[in-house]
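This report refers to the structure that appears directly beneath it.
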Amino acid sequence: MTTRIFGSGIKRREDPRLITGEARYTDDIKLPGVLHMAVVRSPYAHANIVSIDSSAAEAMDGVVAVYTSEDIGDGLAGLPTAWLIPDSDLKTPEHPALAKGKVRYVGDGVAIVLADDRYRAQDAADAVVVEYEELPAVIDPEEAAGGGAPLIHDDVEGNIAFRWVMGDREASDAVFDAADVVVSERILQQRLLPTAMEPRAAMAQFNGATQELTLWCTSQNPHIHRFIISAVTGLNENKVRVIAPEVGGGFGSKIPCYPDEALVSWAAIKLGVPVKWTETRSENYLITIHGRDHVQHVEMAASNDGKLLGVRATVYAGMGGYLSTAAPGIPTILHGLLYVGPYTMDSVFCESIGVMTNGTPTDAYRGAGRPEATFLLERMVDNVAREIGMDPAELRRKNLIPAFEDGYEVATTLIYDSGDYPTAFEKALGMAGYDDFRQAQADALAEGRYLGIGVTAYTEMCGLGPSQVAGAVGFQGGLWESATVRVTPTGKVQALIGASPHGQGSETTLAQIISEELGFPVEDIEVVHGDTTETPMGWGTYGSRTTPVTGAALAHASRKLKEKARVLAAHLMEANVDDIEYADGSFSVKGSPDQAQSIQDVALMAHLAWNMPEGMDPGFEESQFYDPPNFVYPFGTHIAIVEVDADTGEIELQRYIAVDDCGPQINPEIVAGQIHGGVVQGVAQALCEGAIYSDDGQLLTGSMMDYCMPKADMFPNFELGETVTPSPHHPVGVKGVGETGTIASTPTVYNAVLDALTPLGVKQIDMPLTSAKVWGAIQQASANGGGH
Amino acid sequence: MWPNKFEYARAGSVDEALGLIGDEGKFLAGGHSLLPVMKLRLAAPEQLVDIGGIDSLRGISANGGLTIGATTTHAEIADSADVQAMCAGLASACGQVGDQAVRNFGTIGGNIAHADPASDPPTVLVACGATINIQGAGGSRSVGAEDFFIDLFETDLEDGELITSVSLPNCSDCQCVYVKFPHPASRYAIVGVAVCLKMDGATCAQADIAVGGATVKAVKCAGAEAALAGTTLDDAAINAAAEAVKADIADWLAGDIAYPESYRQQMAGVFLRRAIGAATG
Ligand SMILES: Cc1cc2nc3c(=O)[nH]c(=O)nc-3n(C[C@H](O)[C@H](O)[C@H](O)COP(=O)(O)OP(=O)(O)OC[C@H]3O[C@@H](n4cnc5c(N)ncnc54)[C@H](O)[C@@H]3O)c2cc1C
């Protein structure tokens, strides 16, 4: 018996180079004669630029040039917004690479300095004198959309960039008017700073003779970067090569094409020497996209006996000073379509208003729109439970969609692929000992201790997605992937993929898929990604799509190769193709097992092509374009148990149980790693992370001294469980798992804390639940007469 | 993360260091406060005089009291049996500074010269009546810790003066603790409370109390001390001290966007209770 490689928790193959520091990131690449770019950034959130005096900077040692938007002129087109939500009256204000006349958030680029040394570049940037006329700023999206807020772009009336409506308002009103119970809450989805471990970086080199531009950059999607860089520079796309070398995490923040990538490209073309820029962490917090930033007015309708009838929300989504690459799609398509969750709820309505503010632009951050939806849904389910006096787990149980294997259409028009929510739900409750906990909670309360439990049932759509859907919802690209499985004469495999993993472990997972299909040992399979010249076209790594979409492309390409191998093996063994049996990388003839050809033998013979069957081409390589027929819908139930210290407001997360179903697990260790990381990021939103601006638009949480990153000692050991419900439309049945942890964990922990605080009379606290806020809420509630 | 240009020199002796330091120079000890502010370009000294190689500034001697050289690291202080015996609160405070890497670099002299209000060691130094020993071009002088700390990042130190050591009375007959409520982001103190109790049987003969983190500088808390002195540390006395401490620090409160002054002031009361509990437990 051989161990199956599919399903085996082998160690991540990328880790040795990562943990020994041998990985090569963009900043590690040194080119002779490189110039360093420093960007002069606006210290104001909103201001007119009166004048820029760069003479002192230009005179400094080592400074080659200082450029402003005037120097660039039409040398760079504005950065495009690439998700044009239809029927939303979308405005796409110009986003110049350097501000023209006006700055719109702290960090907006005003000028660039190019010098022979990074320190000198920074010194010179400090010496550029910019005179500003400060304007009033607005940060809160609801305030920015209200009348009387400062206008941020002249061509975006009322600061409203789009207004997207999902569902029928009148039908929703009718459900709510007739319902026994309606609960409501104003939910703040605070701004989050993605904080990838590697800050962004970009380096460009231009060959004047061939007119070829090479751009190394921190990208989750180098093919999209090529597309956009070619568009903004005017170079032919086939003259632009984008290389994402090792990329140290992204969480969505390395999807967009930023001004900085365009600026190094332009400067390299202009000066004919390579130009490099590497972000500092302070810059990272100011200029790399932020996530979330919603003000949500949410209502849920239910019957007295606990039937969930409908949900509706008005969402003010802060877009920041400009519309980032995919920004409009996040609080709309990726958000509203999740409003049903795992429940049999028939009425949904969402009005999502994208609002320009003087904050840093927002865009996709791990989960992107779906955490914001799952949170509001789960929060409202708990509110309904409290309102009707039903246990929140029981209320969820009553409303879960029953198990289905192949398609279930919900009120948001999505067709969920497969699911068995009740099984995952009961498994998680069992692991938590839910009923016993309720007793322990009551006992603790009698001693004056405040324990709480939160339960989240979730499903989400990922594995983005069918390209036809992408087109229908205004995404300016496809959402298929392509891959090539190339076998060398000695039987070693190169898998070339268009997606661009950056920490997920896909080099391991994808190799396991190929190994499972073709029998090559994992060690012999190299996954090649990140270079637009070496790899076939693909739309990138985000939306938990690399395993579902690229994985499917690789499975199909492998199957084509296997078919070729079977025919060739039959020919070589002078057997009938129908008599060929395949097992563990070896083809044999039925009935005579000693006659066999290994996959390596066949690969060699295909390369030599000395003896090919009639009509078969030489070589051993297959490619596949794969456009998924539907999204995949992982699901599960997460449970958190917390204790609140009423004296200080501190929260101790005592237990965290996660039962997730992502179909068959290719590598359980990697799945666990994704869930761990996702849970940590989601819990951090509930408990500690949050970007805070002053009223005049200064980022007050500009470093990790103030912006609270989660730390390992905040967490218990996670208790993971799984159920396995294959996706019916995927060749190996897998669903994505990169974002589920983040999607499920925020409401889980939030609801657990509010459950603990119920006896004290606390009903709502804005995230993050810092001890100061929790303590303040307890004081406030006790001043108002306390709990019951 | 790109500091301005500076010159660097390494001094072999205190005299050499005092000779090297110019008007725009700064002493460099562990660098764990100075280099971050330089990288952020919040400080731009033209010259750094590294005092890390001056042997006479480093080490702990126990001779009736404690004398701790300025460049002794937090880790050395935390691990010192003498400090644990003679001022357990200081060993505890130094052991709670940052993480192990920070404690291996950061020094007590650098810590108090920097005078970050959220630092840990100053709170114990003020509670326990430490003396800061200073040397300048004009000679040497000593200042009590309470007078040394003046305000946010402000001390009695004149430009060009060097802290050579910190002296502490022997407190081995006291119950001396430091209790910290760490800021979840930075892990500096939201509130730090140092309590040093001299017990006479069941009666508290003397209480020395200081609060940091919640305040612009470590503050000696006379009201809370008076509430405890002469009592058996019964509930009424502890309640009174927990109230009094809030008044003691009322004029010196500090806070940040997430943990405002009002909250820290209340927490000083909570953590004073915990500190008394730890001292007597
Ligand atoms: C990640 C991190 C976490 C931290 N967490 C904590 C914490 O939880 N609690 C805490 O208390 N501290 C914390 N610190 C600060 C740490 O304690 C520092 O080491 C200390 O504040 C400064 O000591 P240093 O030796 O590094 O001084 P340096 O950075 O070298 O110098 C600091 C200042 O003091 C001056 N100076 C240094 N030595 C002398 C001297 N002998 N005489 C006169 N002036 C001098 C310097 O010129 C400079 O202005 C943390 C630091 C970091 C980087």
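The values are calculated or read from the model by the stated rules, or taken from the named source; none is laboratory data. Please read these numbers as outputs of a predicted model, since none were measured by experiment. Note that each Cβ is placed from the backbone with ideal geometry, even for glycine, and that neighbours are counted across all protein chains shown. SASA here: full protein model, heavy atoms, side chains in, ligands and nucleic acids out. Shrake-Rupley method; radii C 1.70, N 1.55, O 1.52, S 1.80 Å.
So, in segment B:253-274, of the ones that are more than 8 Å from every other protein chain (Cβ to nearest Cβ) and open to solvent by 60 Å² or more (accessible area, probe 1.4 Å), which residue ends up nearest to B:THR215 (Cα to Cα)?
My answer is B:GLU261.
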Conditions (1) aliphatic (A, V, I, L, M); (2) open to solvent by 20 Å² or more (accessible area, probe 1.4 Å); (3) within 9 Å of the ligand (Cβ to nearest atom) -> B:LEU18 fails only (3)
Checked segment A:30-67 for anything basic (Lys, Arg) and more than 14 Å from every other protein chain (Cβ to nearest Cβ); matches are A:LYS30
Of the listed residues (A:PRO392, A:PRO422, A:PRO371), the one being more than 21 Å from A:LYS735 (Cα to Cα) and outside the structural domain of A:PRO80 (by TED's automatic domain parsing) is A:PRO392
Q) Is it true that some residue in segment A:633-648 is of a type in the set (Gly, Ala, Ser), in the same structural domain as A:PRO716 (by TED's automatic domain parsing) and under 17 Å from the mean Cα position of the chain (by Cα)? A) no
Expected single match for of a type in the set (Val, Ile, Thr), more than 14 Å from every other protein chain (Cβ to nearest Cβ) and either on the phi > 0 side of the Ramachandran plot or away from the ligand (no atom under 13 Å from the Cβ) (or both) among B:THR131, B:THR123 is B:THR131
Taking segment A:553-562 and keeping only residues that are under 8 Å from A:GLN624 (Cβ atoms) and open to solvent by less than 20 Å² (accessible area, probe 1.4 Å), one is left with A:ALA553, A:LEU554, A:ALA557
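Out of segment A:90-141, which residues are within 13 Å of chain B (Cβ to nearest Cβ), open to solvent by less than 30 Å² (accessible area, probe 1.4 Å) and in contact with a His (Cβ under 7 Å, 6 or more places away or on another chain)?
The answer is A:ALA115, A:ARG118, A:ALA121.
Condition first: more than 16 Å from the ligand (Cβ to nearest atom) and open to solvent by less than 20 Å² (accessible area, probe 1.4 Å). Now tell me which residues in segment B:153-184 satisfy that.
B:LEU168, B:CYS171, B:CYS174, B:CYS176
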So, B:ILE190, is that one open to solvent by less than 10 Å² (accessible area, probe 1.4 Å), in a strand (DSSP E or B) and within 14 Å of chain A (Cβ to nearest Cβ) or not?
yes
Expected output for segment B:18-33 (first residue within 14 Å of chain A (Cβ to nearest Cβ), partner within 12 Å of the ligand (Cβ to nearest atom) and β-branched (Val, Ile, Thr), Cβ below 6 Å, 6+ apart or cross-chain) is B:HIS32/B:VAL102
Residues in segment A:1-53 that are in contact (Cβ under 8 Å) with a residue 12 or more places away in the chain, of a type in the set (Val, Ile, Thr) and not assigned by TED's automatic domain parsing to the domain that holds A:GLN205 total 3
Taking segment A:729-788 and keeping only residues that are within 14 Å of another protein chain (Cβ to nearest Cβ) and surrounded by 19 or more Cβ atoms within 10 Å (Cβ to Cβ), one is left with A:ILE765, A:MET767, A:PRO768, A:LEU769, A:THR770, A:SER771, A:ALA772, A:VAL774, A:TRP775, A:ALA777, A:ILE778
Considering every residue within segment B:89-107, establish whether at least one is modelled with pLDDT of 95 or more, open to solvent by 40 Å² or more (accessible area, probe 1.4 Å), of a type in the set (A, V, I, L, M, F, W, C) and more than 19 Å from B:GLY30 (Cα to Cα). no
If we keep only residues of segment B:91-120 that are assigned to a loop (DSSP other than H, G, I, E, B) and touching a strand residue (DSSP E or B) at 6+ places or on another chain (Cβ under 6 Å), then the residue nearest to the ligand (Cβ to nearest atom) is B:ASP120
(message) Looking at segment A:462-485, can you tell me whether even one residue there is under 22 Å from A:GLY733 (Cα atoms), of a type in the set (Ser, Thr, Tyr) and touching a Gly at 6+ places or on another chain (Cβ under 7 Å)?
(response) yes
Item checked: Condition met for B:GLY223 (in a helix (DSSP H, G or I) and open to solvent by 10 Å² or more (accessible area, probe 1.4 Å)) -> yes
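List the strands (runs of 3 or more DSSP E) that sit entirely inside segment A:232-303 and contain at least 3 residues that are open to solvent by 10 Å² or more (accessible area, probe 1.4 Å) and at pLDDT 95 or above.
A:291-302
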For segment B:63-84, pairs from a residue that is more than 16 Å from B:ILE51 (Cα to Cα) and within 16 Å of the ligand (Cβ to nearest atom) to a residue that is of a type in the set (Ser, Thr, Tyr) and not in a loop (DSSP other than H, G, I, E, B), with Cβ under 7 Å and 6 or more apart or across chains, are B:THR67/B:SER61; B:THR67/B:SER165; B:THR67/B:SER167
Across segment A:348-374, the tally of residues that are touching a Leu at 6+ places or on another chain (Cβ under 8 Å) and under 25 Å from A:THR748 (Cβ atoms) stands at 7
Within segment A:661-679, the count of residues that are farther than 17 Å from A:THR546 by Cβ, in contact with a helix residue (DSSP H, G or I) (Cβ under 9 Å, 6 or more places away or on another chain) and open to solvent by less than 30 Å² (accessible area, probe 1.4 Å) comes to 2
Answer with yes or no whether A:ARG17 is open to solvent by 60 Å² or more (accessible area, probe 1.4 Å), over 30 Å from A:GLN205 (Cβ atoms) and either assigned to a strand (DSSP E or B) or not β-branched (Val, Ile, Thr) (or both). no
By residue number, the members of segment B:23-52 that are more than 13 Å from the ligand (Cβ to nearest atom) and surrounded by 14 or more Cβ atoms within 10 Å (Cβ to Cβ) are B:ARG41
Among helices (runs of 4 or more DSSP H) entirely within segment A:322-423, at least 2 residues that are in contact with a Gly (Cβ under 9 Å, 6 or more places away or on another chain) and among the β-branched types (Val, Ile, Thr) occur in A:370-388
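Would you point out which residue out of A:THR508, A:THR541, A:THR533 is outside any loop (DSSP other than H, G, I, E, B) and either over 17 Å from A:PRO222 (Cβ atoms) or outside the structural domain of A:CYS217 (by TED's automatic domain parsing) (or both)?
Going through A:THR508, A:THR541, A:THR533 in turn, the sole match is A:THR508.
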Taking segment A:480-505 and keeping only residues that are surrounded by fewer than 23 Cβ atoms within 10 Å (Cβ to Cβ) and of a type in the set (A, V, I, L, M), one is left with A:LEU496
Here the residues within segment A:301-343 that are of a type in the set (Val, Ile, Thr) and within 28 Å of A:TYR105 (Cβ to Cβ) are A:THR314, A:VAL315, A:THR325, A:ILE330, A:THR332, A:ILE333
